[in-house]
1. For region A:234-262, which positions are farther than 24 Å from A:Leu27 by Cα and more than 10 Å from chain C (Cβ to nearest Cβ)?
2. If a residue counts only when it is within 14 Å of chain A (Cβ to nearest Cβ), in contact with a strand residue (DSSP E or B) (Cβ under 8 Å, 6 or more places away or on another chain) and in contact (Cβ under 8 Å) with a residue 40 or more places away in the chain, which strands (runs of 3 or more DSSP E) contained entirely in region B:342-446 have at least 1 such residues?
3. Filter region C:87-116 down to residues that are more than 15 Å from the chain's Cα centre (by Cα), under 24 Å from C:Thr169 (Cα atoms) and surrounded by fewer than 19 Cβ atoms within 10 Å (Cβ to Cβ), then give me how many there are.
4. Name the residue, out of C:Ala192, C:Ala196, C:Ala158, that is part of a helix (DSSP H, G or I), within 11 Å of another protein chain (Cβ to nearest Cβ), in contact with a Gly (Cβ under 6 Å, 6 or more places away or on another chain) and crowded, with 17+ Cβ neighbours inside 10 Å.
5. So, C:Leu137, is that one surrounded by 14 or more Cβ atoms within 10 Å (Cβ to Cβ), closer than 30 Å to A:Val248 by Cα, modelled with pLDDT under 90 and out of contact with any Asp or Glu (no Cβ under 9 Å at 6 or more places or on another chain) or not?
6. Mind listing whichever residues of region B:398-410 are farther than 17 Å from B:Tyr553 by Cα, over 22 Å from the mean Cα position of the chain (by Cα) and not hydrophobic (A, V, I, L, M, F, W, C)?
7. Condition (residue is among the β-branched types (Val, Ile, Thr) and modelled with pLDDT under 90) applied to region B:563-572: is it met by at least one residue?
8. For residues that are surrounded by fewer than 20 Cβ atoms within 10 Å (Cβ to Cβ) and among the small types (Gly, Ala, Ser), scanning just region A:180-209, find the one that is farthest from A:Ser88 (Cα to Cα).
Amino acid sequence: MTNLALRVRPRRLSLPARPSLLIGLFLVGLNVVVALAAPLLAPYSPTQPNALDAIEGSSSAHWLGTDQLGRDVLSRVLYGGRYAMLISLSAALLTVVLGTVLGCLTAYRRGWFDEVLMRLLDSVLSVPAILALLVVVTALGSGASVIILASTVVYCPALIRVVRAAALSIVGLDYVTAARARGEGFWPIMVREIWPNILDVVLVEFAMRASWITLLVSSLSFLGFGANPPTPDWGLMVSENRSLLTVVPLATIAPIVALATLIVGLNLAADGIAKARGIDRITGGLR
Amino acid sequence: MSVAAKETTRLVAEISGLSIAYRSGVRDVPVLRDVSLSLGAGEALAIVGESGCGKSTLASALVGHLRTGSRVTGGSVRIGGEDVLAGDARTVRTLRRQQIGFVPQNAGHSLTPSMRIGAQVVEVLRATRKMDKSAARAEAVRLLAQVRLPEPDVLVDRYPHQLSGGQQQRVAVALALAGAPRLLVLDEPTTGLDVVTQAGVLALFSSLRAELGISLVMVSHDLGAVSAVCERVAVMYAGRVVESGATEAAFRLPAHPYTRGLLSSVARIAAPGLPLGMPGSMADTLTSPGCVFAPRCEFAQESCTEGDPPELTPVEGEDAPRFSACLRLPEVLAAPAWEAQVRPPRTRERGEPLLQISGLTVDYRRRPDPRTGPTVSDVDLTVHRGEVVALVGESGSGKSTIAWTIAGLRRPTSGEITLDGGADLTRTAARRDPAVRRQLQLVFQNATTSLNPRRTVGDAVLRPLRLRGLRGEAAVAARDRVFEDVGLEPGHAERYPAQLSGGQQQRVGIARALAGGPALVLADEVVSALDVSIQASVLRLLDDLRDEHQLGYLFISHDLAVVRALADRVVVLYLGRVCEEGPIERVFSGPNHPYTRLLMDSALATEPGMTEALVGSEDEPESAPPAAGCAFRNRCPQRVEGLCDHETPPWQDLGAGHRIRCHVPVEIGART
Amino acid sequence: MLLVKAIGRRLGYSVLTVLLATLLVFVALQALPGNLATQLLGQNATPAAVAQLDASLGLNRPAWQRYLDWLGGALHGDFGRSLVSQQPVLTEAGGYLRNTALLAGIVIVAGITLSLVLGVIAGLTRDRWPDLAISGLSLLGMSVPEFTVATLLVLAFAIRLNWFPAVVTAGPTATVGELLPAVWLPAAALTAVMAAYIIRMMRTSVIDVMSAEYVTLARVRGLSSARVLFRHALPNALLPTLNVIAINIAWLVGGVVVVESVFNYPGIGTLMIQAVHNRDLPVLQFIAVFGALTFVVCNLLADLAALWLNPRLRTPGRAG
């Protein structure tokens, strides 16, 4: 029943301008732009060592100081997001594509396929992400493609569950029943009826996955299993400059702040979309 | 004068000029406008109106509860002299504990799922009447018995989810009575209940009133339920009271065009034919100048659309006080009886047999319990072209199962279903010939969930047309034609479902079905979720379409009155077995199967204008059909020990296509 | 009866899940293409060394046989021997396990209690300053990796304030007493991250429940706010949070890897990293499986708690 005097606007992809969403998107966008434009923005080469200028604090020549090899911290911070973002965005995209198809398929088919898949997903889900990644890295080395694929495998199960729950709530609705009674097959129903209605859930999950995978990859780099020196990477920078925390704290704090802006941005964006579309994000379904 | 005497002469509830609005964006949207009502001790007042008129807000306001975002923009609500909306928290809490009891709309949601029933009642007792544990528990059992719950000492330890809808409703009443209130507020107490359960619950209210002497305010959209319980009524439209007075007088000779319209929109069991309904909708006309109802009113004149909305003025010459907010009162009172506006049923030629079902059995049980039988057993049904066959039953009767099986969404366990003499419908939808699929179309109960919220309604109707092979211009032209057929403007095609009213959404659902070019339409409770005035217009639409396109309908409903209005033949279902079938006139004039009799008595008792005492009955059906014997035996007043338990009842032919399944012979010509 | 069946079924699923997880880990580590021994030896992969390692690891046998052997041993507590120290894995890991248990114990007890309380406060004061503060801090907490929090804590409390040691010098065999002064900073780092998720979940749950009809009705019946909160609202608000709590507890097994490395705390996180560096497969396998086991056990406990809290799961409802 419609409200007394309210006509609801069509819920297309228009998102109302909530502050959290805007700030989030801005932060993410900023990071992406900086990472892409790093060669233009960085005053120095991020990998060029310069023994003479090592371990200096903030100065007019080096706004954020230098690290123990004399490399400019600002330049390294500007370049520092590339590795993590490349991996996390690729892995998040792959996760979402794979997860959406599998989640919808299992919600539609049910039966033994559903049961078997759920058990398998539970097992993958049970191994903590970092441990799984470390295991894979031991066996296959720490190349970018390995980490992307491993992250996808590790983060897919939870996404499949979320998509499955959302799709299930739609599959039971009358307009899907009407489509089935018309004799429409799996793919037309998936594309026309189900996907447009779970799009918001998928968007939110994409942002969440991207943020978690970024955290994971940074942690891996911190431990020495992700990016390899001399690659500028925020996680690696924290690890490298940790011992100089008392002398040049900025070399450790700057990458931390940069990483935080990206993740906070992703989380705010996810929160903003979820609130705007009325999704109960944490329990993973449509409210 | 003693304090006690003073108390009783004070009004129990007094609403003065109450206006409530809620905030939407930057504007205030009014929900109630200048409502004034009063209630004395022991009186029962009904507040009726359709959805959106503000009656639920009024009910909540009586308890001092405002929805988040709403606020009082004028007036007050006094209970026992105390302001319940503006008072301090302490006073309000005391009022709630001792003076007012509230029974909410959806009882199932109003009981805390994690607490036992008894614990919830005891909690209220101890808070309001300061009892100790054992006294409170004993009182809780007594309260449960007072609301006619079976085995109260067992039920007291159960959890809410273990009770049926009707039982939950009664528990909600017991909770409301726990504080020994002077006023009981009931918000849509019969929504979602089966008709037999409804009758029982309403009988309960009447007897409680007599026993306890409490005042009652009952908010409902169901005019029949209201007239059974309350002797005074206030009719609301768009946040205002448009008529108030004695129920009997208001329903016999309405003093406001809206009340007239409402009464003429309700289908009656006692009177055959299609009700008139009202043009337009409340949502579309909210901002009209002058009297808000004027655009939809048959008595409206120029003066009605000018100036301020009319005030409630007394109606002259009545014994009991009556008020109406209509400028054209004399004309309204003098107008011919609204009963005359019913469209009488037409006699029609019956066409070829279209849908033929014989021996249909559907069994869902994976590990059959030998004491129970299949969900649906041995059902025969025939629908001819141009004929409306109604399938009647309560929830759990298997009517949806049958519909889903015919539609090809489930496979039957055994039996035959044929369409148009040839096509086999026991195959699932995906396996059927596309031509066959097109011949059969579905319309659903809940129009909102039956339309994809992300697609325009034009798209939804276009799809079946495309599946028929139409493309481009031809398809769009065909769609526009279908839109006009169902009374929608072609311009509506660009809208999304959320931008249409409930009635319009249902018309889109019908249009989508029509677009497939069907011969048979499966209509599953298609008017049950609609407001009464819109129900009437949709029923008329269905009737017209049936004649224009020579459609056959399998019309599923639990509402006997609606069935009487539209159907040609009726099939009555109980727990998945047919117990009676026949032409509509013969079934409604009797004699009947005991179950049909029970349904009709319950429904008759709740028609507007009936103010006789209700007879409550056992209102809980069992959930599983038996393996053998008659399914109705546990509730049947005519049950024969032994025979009805083991033998499947035979068909008794009562002439002219009317037959029932019963062991007890019916005397032909005996009217029950 | 229903209850026993429900518990039994959950137990069965849990066992199945753990078994599948062990299989997955085994496949990831030992059954991948390429000669494992060559990879393990890296630069020292002379043919003789490879042959020797092959023999000692039994790599010339088919993978499924090796898996079953391992599984059989694992059920008896024999997870093989560490390739580095030649000690039985369980013995080797024993001290580390105990130290991590101490750390995790503190985090669980203090962290969860704190998170639940903060979550309830945030939910009840929605959109007012306590909620904004708590939600803001949780957003921050979940947006920074554990190594960040750990590093900042070290900077603030160890270096600037010198309240706690920055690095733990004790080894895996240290006593609890020796570890106690050093355990607080790692515990704080872990709590900061874990609490964020629990707080957010509890907040959402409380908001949902407080706007549920039965809570409104309880107030309309005249019951006091305290009663409504504790008796009607919270038990139902806790239900959805149980799973999040379980997942977060299980997450600790992975979370400690980074935090322990920052503080050099002698727990299984440190052991894990050593094992990765040394390619010590049996130890790696054990830790990964231990993580899976913890996750499954935590979820099982959460389900049992849900059964206890939610009468719908315990007692049969009415059909229809």
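The values are calculated or read from the model by the stated rules, or taken from the named source; none is laboratory data. Quick caveat: nothing in here was measured; it's all calculated off a predicted structure. Every residue, glycine among them, receives a Cβ derived from its backbone with ideal geometry; neighbour counts consider all protein chains shown.
1. Within region A:234-262, A:Glu240, A:Ser243, A:Leu244, A:Val247, A:Val248 qualify.
2. Ranges flagged: B:414-419, B:440-443.
3. Residues meeting the conditions: 5.
4. C:Ala196 is the lone residue from the list that is part of a helix (DSSP H, G or I), within 11 Å of another protein chain (Cβ to nearest Cβ), in contact with a Gly (Cβ under 6 Å, 6 or more places away or on another chain) and crowded, with 17+ Cβ neighbours inside 10 Å.
5. no
6. B:Arg410
7. Within region B:563-572, none of the residues are among the β-branched types (Val, Ile, Thr) and modelled with pLDDT under 90.
8. Checked region A:180-209; the qualifying residue farthest from A:Ser88 (Cα to Cα) is A:Gly183.
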